[in-house]
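Colleague: Could you have a look at this structure, given as structure tokens, before my questions?
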Amino acid sequence: MQCAINGGVLELVQGNIVDQAVDAVVNAANPSLLGGGGVDGAIHRAAGPQLLAKCATLGGCRTGEAKLTPGYRLPARAVIHTVGPVYKDGQHGEAELLARAYQSSLALASQHGLARLALPSISTGVYGYPLAEAAHIALSTVVSYLQTHPEIALVRFVLWGSDSFATYCRVLAELCPGT
Ligand code: AR6
């Protein structure tokens, strides 16, 4: 499923983030940047040990912020590591922090001329963010960013599993009627 926004494309696919041959993939990391499960584990396994060595020099990453590394053995040239919020009850600033994780990642891509991006559904695995709410925040944040940043040519959400893919498709259809 695709939606054209201000010359850029917002795309939803079901698949594995590590297979994406784009300028940068976004990693759903933790504040240590020293690896973990889910997307983070898959990216580190596919990129190889140089990625962990590089991450160890970065001094971690606060929730809502983002840091850049090369992609090493990934088909993607670069990895943007960001940290989404752990979901508690929705009353601890989770929505704002999740939006900031996407905004920081996109801003880093703009700064470094990374025009084609692949993103996972941040915080909806180990960090427990309810999927539909997270999809709404993720997609509305990206739509707003694309509307004002024509330097970003492609944002591809790579969803793991049919539930995530179907939820993102439903939310995008609400945000971009006619897609
Ligand atoms: N490609 C695309 N999406 C994936 C993949 C994959 N290879 N693997 C899982 N997902 P998660 P979080 C989906 O847990 O919730 C790590 O341990 C998954 O189904 O990767 O932000 C970090 O080190 C879910 O929908 O990230 C942190 O400690 C989504 O990606 C913590 O997990 C995000 O799941 C971060 O948790």
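Colleague: Rounded, prolate or oblate: which fits region 77-179 when a ≥ b ≥ c are the square roots of the eigenvalues of the alpha-carbon gyration tensor, with rounded for a/c under 1.5 and prolate only if a/b beats b/c?
Modeller: The shape class here is oblate.
Colleague: Give me the distance in nm between label points sitting 7 Å out from Cα along the Cα-to-Cβ direction at residue 86 and residue 148, one decimal.
Modeller: Each label point lies 7 Å from its Cα, and together they span 3.2 nm.
Colleague: If you don't mind, another one. Cβ neighbours within 10 Å, averaged per peptide: list 54-60, 23-29 in order, most packed at the top.
Modeller: Ranking, from highest mean packing down: 23-29, 54-60.
Colleague: Under the 0.36 nm per residue contour assumption, what length would be gained going from the current alpha-carbon distance of residue 9 and residue 169 to full extension?
Modeller: 56.2 nm
Colleague: Could you tell me the center-to-center distance, by alpha carbons, between region 69-85 and region 45-66 in angstrom?
Modeller: Taking the Cα centre of each part, region 69-85 and region 45-66 sit 8 Å apart.
Colleague: How about the chain: what cysteines have no other cysteine beta carbon under 4.7 Å from their own?
Modeller: 55, 61, 169
Colleague: Further, regarding this structure: How large is the dipole of region 28-94 about the Cα centre if only Lys and Arg carry +1 and Asp and Glu carry -1, each at its Cβ, rounded to the nearest 20 debye?
Modeller: 320
Colleague: When the helices in the chain are scored as -39500 (n - 2.57) per DSSP H run of 4 or longer and the sum is shared across all residues, what 222 nm value do you end up with, to the nearest 500 deg cm²/dmol?
Modeller: So the calculated ellipticity at 222 nm is -12000 deg cm²/dmol.
Colleague: Nearest 20 debye, what's the magnitude of the dipole of region 2-140 about its Cα centre given +1 on Lys and Arg Cβ and -1 on Asp and Glu Cβ?
Modeller: 440
Colleague: Please state, rounded to one decimal and in Å, the Kirkwood hydrodynamic radius that region 2-175 gives when every pair of distinct Cα atoms enters the mean of 1/r.
Modeller: 15.7
A short reminder: the numbers here are calculations on the coordinates, not readings from a lab. From a predicted model like this one, the values you see are computed outputs, not experimental measurements. We place every Cβ from the backbone using ideal geometry, glycine too, and count neighbours over all the protein chains shown.
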